[in-house]
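Structure first, then comments.
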């Protein structure tokens, strides 16, 4: 989908606050509210806007602890990667997965209510994904910045 300057401005604003009323977005981008509404609908239908979520203060969540797990997979096994991705899609406490370079093959952000709950989850992960050789855990002590904002690029996707 081709994004023009107005689309990019709308996306920029919505990444910072997706709850803004259409009229407020329209004021900021210089279009009518109905034009902004049509553009947002088009961006959603095209899959440019994939989700609109609320970032909630962790103290109000059941699983208020966060863990970064570095996963090592046996011998670059792409079938294992595919299996793990499918498995992880079903797990609500897996927040994000990154396929990375370096010491680990995957970095996974996991939430749990307690360290014991996390440990039990990792035990299940290892049992149900036997080709994962090792899990290295980092406990998140604080998250001073939590954001999904990323500038919209000036050129079109290939």
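FYI, it's all coordinate maths here, none of it is from the lab. Note that the structure is predicted; figures quoted are calculated from it, not measured. A quick note on method: Cβ atoms are made from the backbone with ideal geometry, for glycine too, and the neighbour counts reach across all protein chains shown.
Figures for the structure shown
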item: Orientation-averaged projected area, Cα convex hull of the range 5-45 (nm²); result: 2.4 nm²
item: Extension gain (nm, one decimal) between residue 37 and residue 87, 0.36 nm per residue minus Cα-Cα; result: 14.3 nm
item: Which label in [x] 14.9, 40; [y] 17.3, 51; [z] 19.6, 55 gives the computed Rg and Dmax of the Cα atoms in Å; result: [z]
item: 16 Å tail of the calculated P(r), the range 58-139, as % of Cα pairs; result: 48 percent
item: At 1.002 mPa s and 20 °C, Stokes D of the range 47-92 from Kirkwood alpha-carbon radius, µm² per second; result: 153 µm²/s
item: Peptides 136-143, 18-25 ordered by average Cβ neighbours within 10 Å, highest first; result: 18-25, 136-143
